């Protein structure tokens, strides 16, 4: 079976792309990703990163803000209104060496595509500690909104690792549930925007741990995480923070592994665009949109804009190739 237009992803870029493509009668098919424990742990469940965010205050059109899941559900619903078709499966492999392109999904099915848009976003980074891996889903998380309200964290101390806007947002969310939120950062100030830093540090139960890195996550199989050992980078002294959880907020990596190097990527794995003002990739007929191709801005609004551009670029390319 050959599809004219396939979109891989389910964040703002994917749904905006689907909306524009559907309204242009391109009959798009969206692979939104599978609902699985593996995807939950990686932060790659359908509807993207915004689905695990609380208040979104900087998306135009919502002067009072909107909850991330509500925004994403609305985007999906709007795309479906114009007859976008959706498969709740992961794309596990693509073959971009032949035309039409070949897409294989997690159900074992194979579909061909005349035009392909990659909008798979990015996944949370972890510290890479063996102890961190051991306690994932047992006190170690990369999503405070997903897990912060769980009973194991309520009215108990937790640790957040990171210094950017994501770390500040995660920490602020956790202050609603945890007794103390230790914010561990390797510098003596946060990299987050000033408004986020001021908001965070004004909360009484936030305790910054400056100039420090996590050495080990402590715990046992029965209790899960019971503490975090950190090292002060100036003195070398270790300190153990009693905590029932550790939330890692140190950035994201583009979800491009399934491409197996068939598209040109930069050193960090982001898809390289042939023209920064367009969405064309190194392979004709393959387009990219959103965080997977944006190492600079990584915002919902820029992802949505790129989704629009990808649909228009693909529509024009299909017309030029006389593909109907």
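The values are calculated or read from the model by the stated rules, or taken from the named source; none is laboratory data. Predicted model, so just to flag it, every value in this text is computed and none were measured. Every residue, glycine among them, receives a Cβ derived from its backbone with ideal geometry; neighbour counts consider all protein chains shown.
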In the range 272-300, which residues are within 16 Å of residue 19 (Cα to Cα) and modelled with pLDDT under 95?
300
Just a yes or no: is a residue in the range 259-270 outside any loop (DSSP other than H, G, I, E, B), more than 14 Å from the chain's Cα centre (by Cα) and surrounded by 15 or more Cβ atoms within 10 Å (Cβ to Cβ)?
yes
Taking the range 17-54, which residues are more than 23 Å from residue 124 (Cα to Cα) and outside any strand (DSSP E or B)?
17, 18, 19, 20, 21, 22, 23, 24, 25, 26, 27, 28
What's the number of the condition residue 253 fails, among (1) more than 23 Å from residue 160 (Cβ to Cβ); (2) part of a strand (DSSP E or B)?
(1)
How do the helices (runs of 4 or more DSSP H) wholly within the range 119-230 filter down when requiring 1 or more residues that are more than 24 Å from the chain's Cα centre (by Cα) and outside the structural domain of residue 297 (by TED's automatic domain parsing): which remain?
194-201
Among the residues of the range 57-69, is any over 15 Å from residue 10 (Cα atoms), touching a residue at least 24 places away in the same chain (Cβ under 8 Å), under 20 Å from the mean Cα position of the chain (by Cα) and surrounded by 14 or more Cβ atoms within 10 Å (Cβ to Cβ)?
yes
Report yes if residue 74 is in the same structural domain as residue 303 (by TED's automatic domain parsing) and touching a strand residue (DSSP E or B) at 6+ places or on another chain (Cβ under 6 Å), otherwise no.
no
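Looking at the range 99-113, is at least one residue under 21 Å from the mean Cα position of the chain (by Cα) and assigned to a helix (DSSP H, G or I)?
So in the range 99-113, the residues under 21 Å from the mean Cα position of the chain (by Cα) come out as 105-106.
Keeping just the survivors that are assigned to a helix (DSSP H, G or I) gives none.
No, the range 99-113 has no match at all.
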When you scan the range 99-138, how many residues do you find that are without any contact (Cβ under 8 Å) to a residue 60 or more places away in the chain and under 21 Å from residue 43 (Cα atoms)?
4
Output for the range 296-320, where each listed residue is touching a residue at least 40 places away in the same chain (Cβ under 8 Å) and out of contact with any helix residue (DSSP H, G or I) (no Cβ under 8 Å at 6 or more places or on another chain):
299, 317, 318
